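Colleague: Below is the structure I would like to discuss, written out as structure tokens.
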Amino acid sequence: MKTLYITDLDGTLLNSRDRLSLFTVKAINGLIDRGHCFSYATARSLPSASVVTAGLATDMPVAVYNGAFIRNPKTGTVLSAIGFAADEKNDVMRFLKGTGIFPLVYAFVDGLERVSWLAGSEDEGMLHYLRLRNGDRRLRSVPDISDLYDGEAFYFTCIGSRSELLPVYERFRCDARYTCTLQQELYREEYWCEIMPRKATKANAVRLLKEILQCDRVVTFGDAVNDIPMFAASDECYAVGNAVDELKGVATSIIKSNDEDGVAHWLEDHFSE
């Protein structure tokens with residue numbers, strides 16, 4: 001029986017320094033060398049994920065932007081893409097303009113993948129995001145709000161306090177056209193509210209990866225609330241020790257934390273048995 005192993009990255013496979021330990025790299029590459037299927041599903045983009053997963057030997061498709069895209073990690077080839085319809089993008093735009101919140105807008109502008117933000121609207125949370133991606137060619141600062149929503153949008157990220165973002169979450173979480181998450185940024189004070197097309201979920205990505213790779217079973221690993229749908233689509237699902245209580249409550253079992261290489265140890269223990 002062919003099993004696909006899929007892990008979240010931040011807070012799960014990556015340690016608290018946003019790095020892969022040498023032990024984790026060795027364990028997973030050993031798994032891949034023995035012919036097992038290993039992939040990841042992350043809220044990161046492929047360029048961002050590629051930086052933190054450098055050293056992993058996997059060339060199997062991966063899910064990025066919380067499942068909005070399935071891409072080949074080596075070539076960047078897009079195998080599946082989900083974007084907003086024009087009326088959906090305009091609906092989000094009108095609401096956010098009314099609240100005075102200026103999001104990061106992920107879109108294809110003139111055929112290029114861009115992350116746009118309104119110059120002068122940056123708070124500390126957004127500045128932290130931008131500093132971590134210094135030199136990223138997707139970044140696009142715009143001088144006027146009329147330019148912020150250019151192109152074919154597929155993802156919106158609002159960064160701020162929980163009280164500021166809660167009305168955004170409440171507006172979109174029950175609308176059948178969208179997937180919306182609200183959670184605190186790892187190791188930070190600010191919250192992120194992310195708005196995606198309805199079908200852009202890790203659960204749908206897991207099902208598609210299972211089909212593409214012709215696997216019979218799926219085993220997943222995660223730490224946050226946006227991993228709950230992925231767990232629901234899995235045959236087995238494991239929450240790392242540092243995971244939120246909501247995820248632990250639906251997990252098959254709890255494993256060691258991300259700083260203890262929980263995923264790698266589970267894989268090694270599983271295959272040694």
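The values are calculated or read from the model by the stated rules, or taken from the named source; none is laboratory data. Computed from a predicted model, the values in this text were never measured in an experiment. Ideal geometry is used to build each Cβ from the backbone, glycine not excepted, and the neighbour counts take in all protein chains shown.
Colleague: Out of all the residues in the stretch 256-273, which are more than 19 Å from LYS2 (Cβ to Cβ) and crowded, with 22+ Cβ neighbours inside 10 Å?
Modeller: Residues satisfying the conditions are ASN258, ASP261, GLY262, VAL263, ALA264.
Colleague: Let me ask something else about it. Hey, could you check the stretch 190-213 for residues that are in contact (Cβ under 8 Å) with a residue 60 or more places away in the chain and charged (D, E, K, R) and say which is surrounded by the most Cβ atoms within 10 Å (Cβ to Cβ)?
Modeller: The residue in question is LYS202.
Colleague: So, of the residues in the stretch 27-52 that are free of Cβ contacts under 8 Å to residues at least 60 places away in the same chain and of a type in the set (D, E, K, R), which turns out to be surrounded by the fewest Cβ atoms within 10 Å (Cβ to Cβ)?
Modeller: Checking each candidate, the answer is ASP33.
Colleague: With the requirement that a residue be of a type outside the set (Val, Ile, Thr), modelled with pLDDT of 95 or more and either in contact with a Gly (Cβ under 7 Å, 6 or more places away or on another chain) or buried (at least 17 other Cβ atoms within 10 Å of the Cβ) (or both), what does the stretch 216-229 give you?
Modeller: Across the stretch 216-229, the qualifying residues are PHE221, GLY222, ASP223.
Colleague: Residues that are closer than 15 Å to TYR155 by Cα: which strands (runs of 3 or more DSSP E) entirely in the stretch 1-103 hold 1 or more of them?
Modeller: 62-64, 69-71, 78-81
Colleague: Next question. Looking at LEU166 and the list (1) in contact with a Phe, Trp or Tyr (Cβ under 6 Å, 6 or more places away or on another chain); (2) surrounded by fewer than 16 Cβ atoms within 10 Å (Cβ to Cβ); (3) at pLDDT 95 or above; (4) under 17 Å from ILE101 (Cβ atoms), which single condition is not satisfied?
Modeller: Tallying (1) in contact with a Phe, Trp or Tyr (Cβ under 6 Å, 6 or more places away or on another chain); (2) surrounded by fewer than 16 Cβ atoms within 10 Å (Cβ to Cβ); (3) at pLDDT 95 or above; (4) under 17 Å from ILE101 (Cβ atoms), LEU166 fails exactly one: (1).
Colleague: Please work out which residue is surrounded by the most Cβ atoms within 10 Å (Cβ to Cβ), limiting yourself to the stretch 55-68 and to residues that are touching a Leu at 6+ places or on another chain (Cβ under 8 Å) and at pLDDT below 95.
Modeller: Of everything passing the filter in the stretch 55-68, LEU56 is surrounded by the most Cβ atoms within 10 Å (Cβ to Cβ).
Colleague: Pairs please, first residue from the stretch 161-179 and without any contact (Cβ under 8 Å) to a residue 12 or more places away in the chain, second anywhere and outside any helix (DSSP H, G or I), Cβ atoms under 6 Å, 6+ apart in sequence or on different chains.
Modeller: ARG173/CYS180
Colleague: Of a type in the set (Ser, Thr, Tyr), at pLDDT 95 or above and surrounded by 14 or more Cβ atoms within 10 Å (Cβ to Cβ) - does that describe any residue in the stretch 102-120?
Modeller: Within the stretch 102-120 (the criterion being of a type in the set (Ser, Thr, Tyr), at pLDDT 95 or above and surrounded by 14 or more Cβ atoms within 10 Å (Cβ to Cβ)), the answer is yes, since at least one residue qualifies.
Colleague: Within the stretch 113-125, which residues are in contact (Cβ under 8 Å) with a residue 24 or more places away in the chain and either in contact with a Leu (Cβ under 7 Å, 6 or more places away or on another chain) or not in a helix (DSSP H, G or I) (or both)?
Modeller: Correct list: GLU113, ARG114, VAL115, SER116, TRP117, LEU118, ALA119, ASP123.
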